[in-house]
Amino acid sequence: MEWVLGVVFLLLALLCSSLKFVNEYDRLVVFRFGRVVGVRGPGPVIILPLIENYKKVDMRIVTMPIPLQEIITKDNVSAKTAAVCFFQVVDPYKVVTKIEDPYNATSQIAQTTLRSVLGQHELDDLLAERDKINAQLQAIIDRQTEGWGIKVNAVEVKDVEIPESMKRAMARQAEAERERRAKIVAAEGELQAAEKLSQAAAVISAQPGAMQLRQLQTMVEVSAEKNSTLIFPIPIELLSMIPHSQASQQTVQRIVEVASDAVIKPLGATINVKKEEEEPIERR
């Protein structure tokens, strides 16, 4: 009777040891007498003792940093860059049977691909077209790891180090570009202002009294300053409104003659207008 209990206890112990509970993110690649008989999991799995063994594979996404790599860009600029690679196992059978160390192999292929791809681009493309370069890296690495049962989800270039001399040259280039844009904007503003002034001049010249109104408005604006001296020129047209007496006509004629002579005289000449005797104005 005792040996029966011993056998039952032994069977229960073997059953308990053969029962495995596989997590949702794990898979078991089962070997029977050295041959792969399948992939099991998740949930409870029976592994026959002494006949079968297994290797567990994690199916979750792995974040693998790519160390800082020394590269030379297409325009012969020395730089250092680092990246990060996101991948996961999609075929546990290939990961176990096709390659010995899939994680180390993926890391090595990612480093060599990073140096090769970045060396085909210029520095400006490396700094400005990150998305395009990341997609290219992801496609190349994924194509090489596909036979290992590994899917590369993304590759991101996260850091680019360039020499200090190159940084200063790029800063000068950016400053020159900003100055160029500022000059273009100022020139466009002057052009638009000149066009508007030309239109305003055309409108003013079309109306005889517009110039006088503009002149008076300017004088009002200038007179707002307390410490300013205002010289008010009298247009010749206003003198024509004076009554047509002999004295007024002589005065106007004298002013016109003296003003005409002053045009050809050197600066600093003095204009004297003699005051004629006033004649009584005949009332009409």
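For Lys158, indicate whether it is outside any helix (DSSP H, G or I), touching a Pro at 6+ places or on another chain (Cβ under 9 Å) and not β-branched (Val, Ile, Thr).
yes
Hand me the list of strands (runs of 3 or more DSSP E) wholly inside the stretch 1-87 holding 1 or more residues that are loosely packed, with under 14 Cβ neighbours inside 10 Å and of a type in the set (A, V, I, L, M).
Where strands (runs of 3 or more DSSP E) fall fully within the stretch 1-87 and carry at least 1 residues being loosely packed, with under 14 Cβ neighbours inside 10 Å and of a type in the set (A, V, I, L, M), they are 19-22, 35-40, 43-46, 62-72.
Keeping to the stretch 87-101, report how many residues are over 12 Å from Thr145 (Cβ atoms) and among the hydrophobic types (A, V, I, L, M, F, W, C).
Counting residues in the stretch 87-101 that are over 12 Å from Thr145 (Cβ atoms) and among the hydrophobic types (A, V, I, L, M, F, W, C) gives 1.
Here is a check on your reading of the model: is Ala200 loosely packed, with under 12 Cβ neighbours inside 10 Å, aliphatic (A, V, I, L, M) and not assigned by TED's automatic domain parsing to the domain that holds Glu70?
No, not satisfied.
Hey, does the stretch 169-181 have a residue that's surrounded by 12 or more Cβ atoms within 10 Å (Cβ to Cβ), modelled with pLDDT under 85 and under 23 Å from the mean Cα position of the chain (by Cα)?
Checked against the condition, which is being surrounded by 12 or more Cβ atoms within 10 Å (Cβ to Cβ), modelled with pLDDT under 85 and under 23 Å from the mean Cα position of the chain (by Cα), the stretch 169-181 yields at least one hit.
Determine if the stretch 124-135 includes at least one residue that is under 20 Å from Thr81 (Cβ atoms), surrounded by 12 or more Cβ atoms within 10 Å (Cβ to Cβ) and touching an Asp or Glu at 6+ places or on another chain (Cβ under 6 Å).
Yes, because at least one residue in the stretch 124-135 is under 20 Å from Thr81 (Cβ atoms), surrounded by 12 or more Cβ atoms within 10 Å (Cβ to Cβ) and touching an Asp or Glu at 6+ places or on another chain (Cβ under 6 Å).
Scanning the stretch 161-175 for residues that are charged (D, E, K, R) and in a helix (DSSP H, G or I), which turns out farthest from Gly119 (Cα to Cα)?
Across the stretch 161-175, the extreme among qualifying residues is Glu175.
Going by the structure shown, is Gln138 touching a residue at least 60 places away in the same chain (Cβ under 8 Å), under 30 Å from Asn23 (Cα atoms) and polar (S, T, N, Q)?
no
Just give me the residues in the stretch 88-129 being basic (Lys, Arg) and not in a helix (DSSP H, G or I), in sequence order.
Lys98 - this is the single residue of the stretch 88-129 that is basic (Lys, Arg) and not in a helix (DSSP H, G or I).
Being among the small types (Gly, Ala, Ser) and part of a helix (DSSP H, G or I) is the filter; apply it to the stretch 130-154 and report the residue that is farthest from the chain's Cα centre (by Cα).
The extreme case among them is Gly147.
Yes/no per residue for (1) assigned by TED's automatic domain parsing to the domain that holds Leu137; (2) among the aromatic types (Phe, Trp, Tyr); (3) within 30 Å of Glu161 (Cα to Cα):
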{"residue": "Val45", "(1), (2), (3)": "no, no, no"}
{"residue": "Leu50", "(1), (2), (3)": "no, no, no"}
{"residue": "Tyr54", "(1), (2), (3)": "no, yes, no"}
{"residue": "Pro67", "(1), (2), (3)": "yes, no, yes"}
{"residue": "Lys74", "(1), (2), (3)": "yes, no, yes"}
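The values are calculated or read from the model by the stated rules, or taken from the named source; none is laboratory data. Everything numeric here is computed off the predicted structure, so don't read it as measured data. Here Cβ is always computed from backbone atoms with ideal geometry, including for glycine, and neighbour counts include all displayed protein chains.
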